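Let me begin by presenting the structure, written as structure tokens, before commenting on it.
The values are calculated or read from the model by the stated rules, or taken from the named source; none is laboratory data. Owing to the predicted nature of the structure, the values given are computational and were not obtained by experimental measurement. Quick reminder, even Gly has a Cβ in these numbers, built from the backbone with ideal geometry, and neighbours come from all protein chains shown. For accessibility, only protein heavy atoms count, side chains too; no ligands or nucleic acids. Shrake-Rupley method; radii C 1.70, N 1.55, O 1.52, S 1.80 Å.
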Amino acid sequence: MLSDELDAIASETTFSGVVRVDDGDRLELTRAYGLAHRGYGIPNAPDTQFGLASGAKGLTALAVVSLIEDDTLDLDTTARSLLGPDLPLIGDDVTIEHLLSHTSGIGDYVDEDGGREISDYVLPVPVHELATTEQYVTVLGGYPAKFAAGERFSYCNGGFVVLALLAERASGLPFYDLVHQRVCEPAGMGDTAFLRSDELPARAAVGYLLIDGSWRSNVFHLPVRGSGDGGVYSTAADISVLWSAFFSGRIVSADWVAEMVRPRNDVPSESKRYGLGFWLHASTDAVILEGYDAGVSFRSTHDPHSARTETVISNTSDGAWPVARYLEERHAL
């Protein structure tokens, strides 16, 4: 049985997190393992809220596309038209489409090609100074462009914070409110929000990473509150709800769903393709959300034809990957 096989992998890898499998409208399995809080011995539960790291990029993309649908923004809107004099190293020709598809070429404040370790403290300012999207302007600047806009794919965290900033300025609403009103509310994602790491609610898991043989929380590794590139908290159940709402057109229209999951770039280094805010399977129509950061690992894969969803969320840096690989090989979504 799948549950027995997962129990064995979880035991072997000391997995900490939640696994959920939905087969259409039927919940096939949900299992929780490990601890949400190691100090107090609080176990993870199926409804524990976890950080999703870059899984938030899908929500950012949906919020931005919803603004495109109501003519507040356009794919051709330039970043410069809303940035004004801020972030002068971003090219005047960089558009929202470039940012959504990771083809903007802008320099990245957290460059994943930089060879850093997941345990490194990479932020140039104290984490508590990054609590609003506008505050990220101080860390986004100063990074020269890597290449001309539209030239090629290069995964860019900073590009999605810029998207959040543009969405705020165009709409006049805080980014967190935009995601809540335009993504979470229409989808019915009641347990999803950009929480502060220094005031987590009772059901939220603390993220942990192993440093010098000890488990330490990630509170000094990540911004106190995330933005467009990552940092949202959610549950496995809410992720299932997100996929259902997305593909049924309850967040953005069916035409925009098709546009967002249209392959725009092959990414051989990841054995995947990319659309607008979503990873795509290399050879099938499966759509993927994925996140990896200090004390966070997450992957959710959805097959729009069978409506099968497989979600693995962990509150450790690498915990999700053995379980996610097993599910991928077992079902080959």
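Taking only pairs six or more apart or across chains, which ones have beta-carbon atoms under 7 Å, a first residue in segment 126-154 that is within 20 Å of HIS98 (Cα to Cα) and outside any loop (DSSP other than H, G, I, E, B), and a second residue that is of a type outside the set (Lys, Arg) and open to solvent by 30 Å² or more (accessible area, probe 1.4 Å)?
From segment 126-154, the pairs are VAL137/ASP86.
Would you confirm, using the coordinates I've provided, whether PHE50 is touching a strand residue (DSSP E or B) at 6+ places or on another chain (Cβ under 9 Å) and either in a strand (DSSP E or B) or among the small types (Gly, Ala, Ser) (or both)?
On the way: touching a strand residue (DSSP E or B) at 6+ places or on another chain (Cβ under 9 Å): yes; either in a strand (DSSP E or B) or among the small types (Gly, Ala, Ser) (or both): yes.
In short, yes.
Just checking, how many residues over segment 11-43 are of a type outside the set (Phe, Trp, Tyr), part of a strand (DSSP E or B) and open to solvent by less than 40 Å² (accessible area, probe 1.4 Å)? Please lay out each step first, then the result.
The initial filter retains those residues of segment 11-43 that are of a type outside the set (Phe, Trp, Tyr), namely 11-14, 16-32, 34-39, 41-43.
So of that shortlist, the ones also part of a strand (DSSP E or B) come out as 17-23, 26-32, 35-37, 42-43.
Then keep just the ones that are open to solvent by less than 40 Å² (accessible area, probe 1.4 Å); that gives 17-19, 21-22, 29, 32, 36.
Summing the residues that are of a type outside the set (Phe, Trp, Tyr), part of a strand (DSSP E or B) and open to solvent by less than 40 Å² (accessible area, probe 1.4 Å) in segment 11-43 gives 8.
Residues being open to solvent by 40 Å² or more (accessible area, probe 1.4 Å), within 27 Å of PRO223 (Cβ to Cβ) and basic (Lys, Arg): count how many of those fall in segment 271-314.
1
Can you tell me how many residues in segment 105-123 are among the aromatic types (Phe, Trp, Tyr) and either more than 19 Å from the chain's Cα centre (by Cα) or farther than 14 Å from ASP229 by Cβ (or both)?
Here is the first cut: in segment 105-123, the residues among the aromatic types (Phe, Trp, Tyr) are 109, 121.
Then keep just the ones that are either more than 19 Å from the chain's Cα centre (by Cα) or farther than 14 Å from ASP229 by Cβ (or both); that gives 121.
So the count comes out to 1.
Of the conditions (1) among the hydroxyl-bearing types (Ser, Thr, Tyr); (2) assigned to a helix (DSSP H, G or I); (3) within 27 Å of SER197 (Cα to Cα), TYR109 clears all except one; give me its number.
Every condition holds for TYR109 apart from (2).
Does LEU99 satisfy being in a helix (DSSP H, G or I), under 30 Å from ALA254 (Cβ atoms) and open to solvent by less than 20 Å² (accessible area, probe 1.4 Å)?
Numbers: in a helix (DSSP H, G or I): yes; under 30 Å from ALA254 (Cβ atoms): yes; open to solvent by less than 20 Å² (accessible area, probe 1.4 Å): yes.
Against the criterion (in a helix (DSSP H, G or I), under 30 Å from ALA254 (Cβ atoms) and open to solvent by less than 20 Å² (accessible area, probe 1.4 Å)), LEU99 qualifies.
I need the full set of residues from segment 176-200 which are open to solvent by 30 Å² or more (accessible area, probe 1.4 Å), not in a loop (DSSP other than H, G, I, E, B) and not acidic (Asp, Glu), in order please.
HIS180, GLN181, ARG182, PRO186, ALA193
Out of everything in segment 67-96 that is open to solvent by less than 10 Å² (accessible area, probe 1.4 Å) and assigned to a helix (DSSP H, G or I), what residue ends up being farthest from VAL162 (Cα to Cα)?
Applying the filter and picking the extreme gives LEU67.
I need a count of the residues in segment 103-151 that are on the phi > 0 side of the Ramachandran plot and modelled with pLDDT of 95 or more. Before the answer, list the steps.
To start, the set of residues in segment 103-151 that are on the phi > 0 side of the Ramachandran plot comprises 105, 115, 142, 150.
Now drop any that are not modelled with pLDDT of 95 or more, which leaves 105, 142, 150.
Number of matching residues: 3.
Considering only residues that are on the phi > 0 side of the Ramachandran plot and in contact with a helix residue (DSSP H, G or I) (Cβ under 9 Å, 6 or more places away or on another chain), which ones fall in segment 25-68? Don't jump to the end; show me each part of the working.
Taking segment 25-68 and keeping what is on the phi > 0 side of the Ramachandran plot, we get 34, 41, 53.
Within segment 25-68, just GLY34 meets the criteria.
Scanning segment 201-235 for residues that are under 26 Å from LEU62 (Cβ atoms), of a type in the set (A, V, I, L, M) and touching a Phe, Trp or Tyr at 6+ places or on another chain (Cβ under 8 Å), which turns out surrounded by the fewest Cβ atoms within 10 Å (Cβ to Cβ)? Please lay out each step first, then the result.
Step one: filter segment 201-235 for residues under 26 Å from LEU62 (Cβ atoms), giving 201, 203-205, 207, 218, 222-235.
Cutting the leftovers down to of a type in the set (A, V, I, L, M) gives us 204-205, 222, 224, 232.
If we keep only those that are touching a Phe, Trp or Tyr at 6+ places or on another chain (Cβ under 8 Å) as well, we get 204-205, 232.
Details: ALA204: 21, ALA205: 28, VAL232: 31.
My answer is ALA204.
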